[in-house]
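Peer 1: Quick one: this structure, given as structure tokens, is what I'll be asking you about.
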Amino acid sequence: MIDQDARLRTRIQANADEVDRTKVKIEAIAVDEAVLAISEQVRGLADRKARYLSAGMDLPTRKMEVQLLDQTVANCLAALGRSAEQDPSRLILPAVVVGTLRTMIEQRSGITTSLQIARDEAASALDQLNAARGRVGGERAVPEPARARLMAAVSEAKASGHKREIAEARALGDERQTRLADAMRRLRPWSGDAEALSQMTVPTPTQMAAWKKLAADLQRDRAVFSERLAEHEQSRSSTSARLAAVRASADIADDETAAAIRRERDEAWRNHRADLRAETADAFAAALTRDDHVGQARLAHAGELADMRAVKHKAAETEVAIERIRAQLTDVEKRAETASAEIKRMASTLFEDCQTQSLDLLIGHLEERLSARSEALGAWDDILLARARIERATAEGERLHLGLTSALRSVGIQSEADEALEAMVVADRFLDRQAKVDAERAEALRSVAAKEEELATRRLTVEIAERRDAAWQADVNKTLKGTWLEDGIAGTGLGSVLDRLSELSKALQDREAMRMRIGKMEADRTGFAEEVVRLGAQVGERAMDGAPEQVSLRLTERLEQAERAREARANLLLDVQKLQDVQKALNAEIAAHERTKQQVLGAFGVKTLPEVAERDDQLRERDSLHSAVAELEEKLTKELALDDFAQARSLLEGLDLDGLAIEKAEVERRLTDVDESLQQQLVRRTRAADKLDAIGGDSQVARIDADRRTVLLEIEEKAARYIELKLGVMSASSALRVYRERHRSGMMSEASDAFALMTRGQYTGLTTQPVKGGEVLIATQRDGQSKVADALSKGARFQLYLALRLAGYYEFAKLRPSVPFIADDIMETFDHLRSEEVFRLFGEMACVGQVIYLTHHQHLCDIAKAVIPKVAIHELG
């Protein structure tokens, strides 16, 4: 008790000292509340500071790039001869114009080459004709050149197919006109001609593809969200039904009702304390009884109450999920409406009467209008081509008629025929008559006529090539109409101009993008500096010019120091609270000790505990001496064979002690001699008895020998049997060990791989270790350490058991027809990632046999769908 008293006083003093030291530490800690008030804003400076520093490093480079782009734009303008142009973007030609001009440039080389070849061939044909005429001898009444010209004109007229070409072109024009009218009807209520239709602004194929992709994405999102909404609504219905079932199974009050009853009880108690009347007492008693009844019912049905809370929690989560999905569906609809509005805006000309709101129908309607427009423009191009063919064929007929008439006049015949056919008939008759006259010169003139015909053909070819060249130039001028190049440009320089314009367009786009980027960088830097100045002003940090990042760093350091100080202060306050709790416990213990101490002091009649210890030792010594005296009196009485100690004491008081000592010594010596003689006699007697027993006078010796031999034979037989059994056991153990090693290698490998996969690499594999009477299973950790199966956590043991079952199932399926593998909610202790790995293993097992997993957790069904797309889920009612 003395030690306990000292120990308690030491502990209470140490506790008080520790409380004082802790309070001193708390007072010494200063918490920067100003910085803590803006902690979130200071943390937000980290990202803005990174953008500030990045912008500071990138701005010089970006500005240099803008200067380079400005120089590129200036070079392009100088090359185009428009150095004084204030708005370079005005020089950029539309993509349709550029595409058309590129196509024309590709055609230009062929037209130029054809024209040059036609001129060269015409010059060569003229030289050959002159040579042939020089070979003709004399003149006739009808000049030979005139006759040759007439013959050439007739031959050309006969060879010409301009009437057939006119008929074909008219048939094509009629057919394309019908197609154009049909396409225009499809474009109603829009009205206009083909020229207006070609200049109409329509969405590009890329934009159409983007709209189609957006419509598909929105449709997919709408389907997914609708499906999720249906699932959550079904879950809400099942949750409501389950809550009703829980409420129906037990008449218990929920948390809200119990809280309301408790508030009523407290209110009744406050009223009773205020009034102290019989009515308030009865009201308080009734409220207290009701609260006790509800509390007992809730305690008796704690399991149902927990189920009710879980169901309510799940119902609340389901409601939140439903609201979130409905908001997502609303967002999808808004995106669809925005896309529809954009489509109507970009294709407003085609959609004058369109009232469709569905994005898919709107895109389909737009595609139909664009298809009709494309067909109409194609038909119009064919019509223009047919008209050009008719004009060319008509011009060809007129040229032939004029040629025949001129040729007839050259031979002295005045023809009044209105068409080339009639003139050709007259020319044929004349030529027939002349053929009879000029039979002798036919051979010579035939050559001249051929050369003239060839010359005419070559000239016609030159004329056609020149018309094609003029038509190409006219098309170029028409294409450039309304642009800054409409004043005309040489065909040879058009390609270079287009290249420069392409370079100018790219440079303008890059410069504008770079300027926007520079503006954003400067805005980031300005915003960061202003935010730093504002936050610094709130906490008394003065921002130095040009160094807001330093102020941000100081603010961050102050915030970290303030948070550490706040955490240290909170920990010290918690330590003070713990020390005060310990102090209360020590005070209670000291009070109990003092009560016991006072009782002991009162019992011994002293004032201090050392006096109690001294008095206790004296009492113990007294008791010990009394006991020793009593034992000696009893022993003495027994040895003297007297009735009591008084007789023994009176007897001993009359004896001579010196004589008794001498007598005692003699007696002890005689006893020693007698004892030695007795020991020798006992040894001699034992030896004699042994000799007598060895010499028997009957068959006892033979019986003993026969029994000995029988025992030896039995020992030999049992030893042989023991050796046989031992060898059999050893053989069986060896065979079992070989079988385990042979079958365990594959199964252990399967189990190790599955266990490592389930634990996400926390355990790398499994092994075994022999012990007395068998083996134990060891799990190897990632850091090289190992644990026996019993030392694993509950979840790890479940995973190990499942891995062994999977490996055993594979081993079973190798040798026998597979049976279904059934698991009943074994993943209750598994987290999300481990559940995914287990379902992935189940998916691989499904290739060997059927896998059935029973669960009442919906999230496991979702994981199974995500990991194994072909999984079949059956909901049991």
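Peer 1: Is there a residue being modelled with pLDDT of 70 or more, more than 30 Å from residue 768 (Cα to Cα) and of a type in the set (Val, Ile, Thr) anywhere in the stretch 691-707?
Peer 2: Our first condition is that a residue be modelled with pLDDT of 70 or more; within the stretch 691-707, this holds for 703-707.
Keeping just the survivors that are more than 30 Å from residue 768 (Cα to Cα) gives 703-707.
With of a type in the set (Val, Ile, Thr) added as a condition, the list becomes 704.
The answer is yes; a qualifying residue exists.
Peer 1: Could you look through the stretch 375-395, keep only residues that are in contact with a Leu (Cβ under 9 Å, 6 or more places away or on another chain) and among the charged types (D, E, K, R), and pick out the one that is most open to solvent (accessible area, probe 1.4 Å)?
Peer 2: Of everything passing the filter in the stretch 375-395, 375 is most open to solvent (accessible area, probe 1.4 Å).
Peer 1: Now, a different point. Can you tell me which residue among 42, 66 is open to solvent by less than 70 Å² (accessible area, probe 1.4 Å), modelled with pLDDT of 75 or more, more than 22 Å from residue 475 (Cα to Cα) and part of a helix (DSSP H, G or I)? Don't jump to the end; show me each part of the working.
Peer 2: Values: 42 fails: modelled with pLDDT of 75 or more.
Testing whether each residue is open to solvent by less than 70 Å² (accessible area, probe 1.4 Å), modelled with pLDDT of 75 or more, more than 22 Å from residue 475 (Cα to Cα) and part of a helix (DSSP H, G or I) leaves just 66.
Peer 1: Tell me the residue from 683, 576 that is part of a helix (DSSP H, G or I), modelled with pLDDT of 75 or more and more than 30 Å from residue 28 (Cβ to Cβ), please.
Peer 2: On the way: 576 fails: more than 30 Å from residue 28 (Cβ to Cβ).
Going through 683, 576 in turn, just one is part of a helix (DSSP H, G or I), modelled with pLDDT of 75 or more and more than 30 Å from residue 28 (Cβ to Cβ): 683.
Peer 1: Among the candidates 844, 837, which residue alone is surrounded by 16 or more Cβ atoms within 10 Å (Cβ to Cβ) and among the acidic types (Asp, Glu)? Spell out the reasoning first.
Peer 2: Details: 844 fails: surrounded by 16 or more Cβ atoms within 10 Å (Cβ to Cβ).
Unique residue meeting the criteria: 837.
Peer 1: Something else: Answer yes if at least one residue in the stretch 1-14 is closer than 28 Å to residue 556 by Cβ and open to solvent by less than 80 Å² (accessible area, probe 1.4 Å), and no otherwise. Give the derivation first.
Peer 2: Within the stretch 1-14, the subset closer than 28 Å to residue 556 by Cβ is none.
No, there is no match, as no residue in the stretch 1-14 is closer than 28 Å to residue 556 by Cβ and open to solvent by less than 80 Å² (accessible area, probe 1.4 Å).
Peer 1: Scan the stretch 839-850 for residues that are farther than 26 Å from residue 234 by Cβ and among the hydrophobic types (A, V, I, L, M, F, W, C) and jot them down.
Peer 2: 841, 845, 846, 847, 848
Peer 1: Being open to solvent by 50 Å² or more (accessible area, probe 1.4 Å), under 26 Å from residue 295 (Cβ atoms) and free of Cβ contacts under 8 Å to residues at least 40 places away in the same chain: is that true of residue 242 here?
Peer 2: On the way: open to solvent by 50 Å² or more (accessible area, probe 1.4 Å): yes; under 26 Å from residue 295 (Cβ atoms): yes; free of Cβ contacts under 8 Å to residues at least 40 places away in the same chain: no.
No; evaluated as a whole, the condition is false for this residue.
Peer 1: Considering only residues that are surrounded by 15 or more Cβ atoms within 10 Å (Cβ to Cβ) and closer than 16 Å to residue 553 by Cα, which ones fall in the stretch 522-532?
Peer 2: Initially, the stretch 522-532 is screened for residues surrounded by 15 or more Cβ atoms within 10 Å (Cβ to Cβ), giving 524-525, 528-529, 531-532.
Once the filter is applied, which keeps residues that are surrounded by 15 or more Cβ atoms within 10 Å (Cβ to Cβ) and closer than 16 Å to residue 553 by Cα, the stretch 522-532 yields 525, 528, 529, 531, 532.
Peer 1: Given the structure, is residue 852 open to solvent by 70 Å² or more (accessible area, probe 1.4 Å), of a type in the set (Val, Ile, Thr) and over 25 Å from residue 768 (Cα atoms)?
Peer 2: Details: open to solvent by 70 Å² or more (accessible area, probe 1.4 Å): no; of a type in the set (Val, Ile, Thr): yes; over 25 Å from residue 768 (Cα atoms): yes.
Here the answer is no, as residue 852 does not meet what is asked.
The values are calculated or read from the model by the stated rules, or taken from the named source; none is laboratory data. In this text, all values refer to a predicted model and were calculated from it rather than measured experimentally. Cβ coordinates were reconstructed from backbone atoms using ideal geometry, including for glycine residues, and neighbour counts include every protein chain displayed. Heads up: the accessible areas ignore ligands, DNA and RNA and are worked out on the full protein's heavy atoms, side chains in. Shrake-Rupley method; radii C 1.70, N 1.55, O 1.52, S 1.80 Å.
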